[in-house]
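Following this message is one structure expressed as structure tokens.
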Amino acid sequence: MNARRRLLRIVDMAYGLFCRLLLFRVSAQRAHKLAIGQLGWLERWQLPTAMAKRLRAWLMPVQTQEVGGAKLSARLILAAGLVKGRGFTSEDEALRAVVHRRENIMPGWRMMPALVGPIEFGSFTRHPRMGNAGTTLWRERDTQSTQNRIGLRNPGARAAAAFLGARIEQLPGEFGINIAVSPGVSDLAQQQGETLEALIFFLDAGLRPSWFTLNISCPNTEDDPSGHQLEAGARSLCAAFVAELRKRNLEIPLWVKVSPGLAAAQYHMLMRIFAEVGVRAVIATNTLAKPSPVDSAVNAGIGGGALRDSALLAVEELQIAKDRLGCAMDIIGCGGVMDGESFYQYSQCGAVAAQYWSALVFRGPFAAALIENELANHEHRYEAIHRERLA
């Protein structure tokens, strides 16, 4: 066993011990709040970020490949939801915090890319959202799952663009920006207008991410629990994004995130639309809406291990549709990518990369390095088995 693998084993064991002794003794919501606070505290200095970047580079060597039109250093991407910033009651208040008080409204913007590499900031809605009140985050150790009804809490696209735009020189070399349809907005013209305006805020701030993601499904809000994707809406929203990027002669690819649990015909319809308008990748999937642990009348989105089967089914259907269409669009798995075996399952279904979030909770900040190492071992075993069968 080489030095890197030995250190990865130590990291894995140390985090497991930390979880048992400390992290899992407090509620998921309390642990999340502590982690966000710690990220903000560490970002006051340059040294912690530099050290984290060096350690990650050693634990997870660069494996450059193109995913959905973006050149990435790894096949694992931290999903949107962690680094998106505080909620605000109004856009004016959010802008005052960014411009006048110069607050770090988005803890993790510097430290998390240093720790994990490719990352997606957001989701951001056109206007700020405070999200849902009360307990909004849970975890389930047996299935390595999380569940949340945070409710798209974020500072809004204008303030987020101002915050990131003021730090362009310090942003990582690879990141995405996730823009979500505002919950509760059912009028298609308003949806298109608001999401397009959010995109323009980021572009006008001089931001040129590796990709943009349009999130057309978010089941974690009380006012929009269904997460339906309709043909007219998907076409209108995606086409408007692609047209705006082309108008500015920007070769920034558009990815789209979809729901689990849709009918096969819906996935095929969505894939056809994405191919026609020029979407470069589809992320399957967002969280799965189920009754929350404390109130069966309120939905909360399940992620992690309990989402995996539904997400894998979505990836399979999207791959079938892709093969029938003969398009070059990439599929990115998302849901319960916790170890090398689960990542391998997604790759066997057609996913070329994966996003993760719950793995941070159950495996720690270097989850991607651990998963990549396990995947390599998994692939080597299957290759050996295959060679033996052919012999």
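The values are calculated or read from the model by the stated rules, or taken from the named source; none is laboratory data. Since the model is a prediction, treat every value here as computed from it, not as a measurement. Ideal geometry is used to build each Cβ from the backbone, glycine not excepted, and the neighbour counts take in all protein chains shown. The area values use the complete protein model at the heavy-atom level, side chains included, leaving out ligands, DNA and RNA. Shrake-Rupley method; radii C 1.70, N 1.55, O 1.52, S 1.80 Å.
So, in the range 3-30, of the ones that are in contact with a helix residue (DSSP H, G or I) (Cβ under 7 Å, 6 or more places away or on another chain) and not hydrophobic (A, V, I, L, M, F, W, C), which residue ends up least open to solvent (accessible area, probe 1.4 Å)?
Among those residues, the one meeting the criterion is Tyr15.
May I ask you to list the residues in the range 176-199 that are touching an Asp or Glu at 6+ places or on another chain (Cβ under 7 Å) and either surrounded by 14 or more Cβ atoms within 10 Å (Cβ to Cβ) or at pLDDT 95 or above (or both)?
Gly176, Asn178, Ser182, Pro183, Val185, Leu196, Leu199
Would you check which residues across the range 45-64 are in a loop (DSSP other than H, G, I, E, B) and loosely packed, with under 11 Cβ neighbours inside 10 Å and list them?
Selection gives Trp45, Val62, Thr64.
Additional query: Exactly one of these conditions fails for Thr146: (1) at pLDDT below 95; (2) open to solvent by less than 20 Å² (accessible area, probe 1.4 Å). Give me its number.
Against the list (1) at pLDDT below 95; (2) open to solvent by less than 20 Å² (accessible area, probe 1.4 Å), Thr146 comes up short only on (1).
Name the residue that is most open to solvent (accessible area, probe 1.4 Å), counting only residues in the range 65-87 that are among the charged types (D, E, K, R) and touching a residue at least 24 places away in the same chain (Cβ under 8 Å).
Lys71
Among strands (runs of 3 or more DSSP E) lying entirely in the range 250-317, which contain 2 or more residues that are surrounded by fewer than 24 Cβ atoms within 10 Å (Cβ to Cβ)?
In the range 250-317, the matching strands (runs of 3 or more DSSP E) lie at 288-291.
Tell me, yes or no, whether the range 104-121 has at least one residue that is open to solvent by less than 50 Å² (accessible area, probe 1.4 Å), over 18 Å from the mean Cα position of the chain (by Cα) and of a type in the set (Gly, Ala, Ser).
no
Another one. Name the residue that is farthest from Pro253 (Cα to Cα), counting only residues in the range 328-343 that are part of a loop (DSSP other than H, G, I, E, B) and either in contact with an Asp or Glu (Cβ under 6 Å, 6 or more places away or on another chain) or open to solvent by 30 Å² or more (accessible area, probe 1.4 Å) (or both).
Asp339
Now, a different point. Tally up the residues in the range 88-97 that are surrounded by fewer than 19 Cβ atoms within 10 Å (Cβ to Cβ), touching a helix residue (DSSP H, G or I) at 6+ places or on another chain (Cβ under 9 Å) and outside any helix (DSSP H, G or I), please.
Summing the residues that are surrounded by fewer than 19 Cβ atoms within 10 Å (Cβ to Cβ), touching a helix residue (DSSP H, G or I) at 6+ places or on another chain (Cβ under 9 Å) and outside any helix (DSSP H, G or I) in the range 88-97 gives 0.
Moving on. Could you grab me the full set of residues in the range 344-373 that are assigned to a helix (DSSP H, G or I), more than 20 Å from Cys327 (Cβ to Cβ) and of a type in the set (Ser, Thr, Tyr)?
Tyr344, Ser358 - these are the residues of the range 344-373 that are assigned to a helix (DSSP H, G or I), more than 20 Å from Cys327 (Cβ to Cβ) and of a type in the set (Ser, Thr, Tyr).
What is the residue count in the range 212-244 for residues that are of a type in the set (Gly, Ala, Ser), open to solvent by 10 Å² or more (accessible area, probe 1.4 Å) and either within 16 Å of Ile273 (Cα to Cα) or modelled with pLDDT of 55 or more (or both)?
6
For the condition among the hydrophobic types (A, V, I, L, M, F, W, C), within 17 Å of Tyr344 (Cα to Cα) and in contact (Cβ under 8 Å) with a residue 60 or more places away in the chain, what is the one hit in Ile283, Ile302?
Result: Ile283 is the single residue among Ile283, Ile302 that is among the hydrophobic types (A, V, I, L, M, F, W, C), within 17 Å of Tyr344 (Cα to Cα) and in contact (Cβ under 8 Å) with a residue 60 or more places away in the chain.
Here's a check for you: in the range 122-143, which residue that is modelled with pLDDT of 95 or more and of a type in the set (A, V, I, L, M, F, W, C) is most open to solvent (accessible area, probe 1.4 Å)?
It comes out as Met130.
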